[in-house]
Amino acid sequence: MSQYFQIHPDNPQIRLIKQAIGIIEKGGVVIYPTDSTYAVGCHLGDKKALDRIRQLRHLEQQHPFTLLCRDLSDLGTYAQVSNRAYRILKALTPGPFTFILEGSREVPRRLLDEKRKTIGLRVPKHPIVQALLDELGQPLMSTTLVMPGEDLPLWDPEDMREALEDHVDLIIDGGSCGLEPTTIIDLTSEIGTLLRQGLGDASQFF
């Protein structure tokens, strides 16, 4: 049975954040709120936890995951960033955007797109996630909490608790999140491409 933490969405309790990180570092699978939807994630280097998330969501091996980063510096550690890409990243982070970039050597190969060697990265603007990332000191491997057969993500923590308490190690209740996903931008080319219009507004660039 999972643990259930109620964490203040604006002023996260550091005691609970530290406990959450302890669970993640021990291989835990954790549900947490972001600035778009709720997500489920784990430690970047934990293959067993990653496989549990794939099983939970019935995902194929090729399904792309996203690295949630603390800031631009973190993002630059895990991706190859051109000058134009950097200008876009600087303008749009933190926020509800996912950026497709060529992964660096710091990214485990199993997380990279098999053909393009790319990875999705983002810097979320949510106090709880930011507190988790600050305490962890590295990105979280993450994917939206959409259950098999559903089109929309889970948004109510009590529903998550009822449905998933036997399948994850921690549910962080940070209040209700939205249902709209992030905007996805491919920055692997010089001009960049808007792949999906979601919550974030990138109209100044595309």
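The values are calculated or read from the model by the stated rules, or taken from the named source; none is laboratory data. A quick note: this is a predicted structure, and the numbers were derived from the prediction, not measured. Note: ideal-geometry Cβ built from the backbone for every residue, glycine included; neighbour counts use all protein chains shown.
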Query raised in the report: Taking into account only those residues within the range 197-206 that are in contact with a strand residue (DSSP E or B) (Cβ under 8 Å, 6 or more places away or on another chain) and without any contact (Cβ under 8 Å) to a residue 60 or more places away in the chain, which is nearest to ARG87 (Cα to Cα)?
Result: PHE206
Query raised in the report: Given the structure, is ARG84 at pLDDT below 95, of a type in the set (Lys, Arg) and not in a strand (DSSP E or B)?
Result: yes
Query raised in the report: Got at least one residue in the range 130-145 being among the aliphatic types (A, V, I, L, M), within 13 Å of the chain's Cα centre (by Cα) and either farther than 21 Å from LEU59 by Cα or modelled with pLDDT under 95 (or both)?
Result: yes
Requested in this report: Output the residues belonging to the range 143-168 that are closer than 13 Å to TYR32 by Cβ and out of contact with any Leu (no Cβ under 8 Å at 6 or more places or on another chain).
Outcome: THR144, PRO157
Report summary line: Flagged in the range 42-83 as hydrophobic (A, V, I, L, M, F, W, C) and out of contact with any strand residue (DSSP E or B) (no Cβ under 9 Å at 6 or more places or on another chain), in numbering order, are LEU72
Report summary line: Among the residues of the range 58-83, the number that are over 27 Å from GLU135 (Cα atoms) and in contact with a Leu (Cβ under 8 Å, 6 or more places away or on another chain) is 1
Requested in this report: Please go through the range 1-15 and pick out each residue that is in contact with a His (Cβ under 9 Å, 6 or more places away or on another chain) and either of a type in the set (S, T, N, Q) or under 17 Å from GLY137 (Cα atoms) (or both).
Outcome: SER2
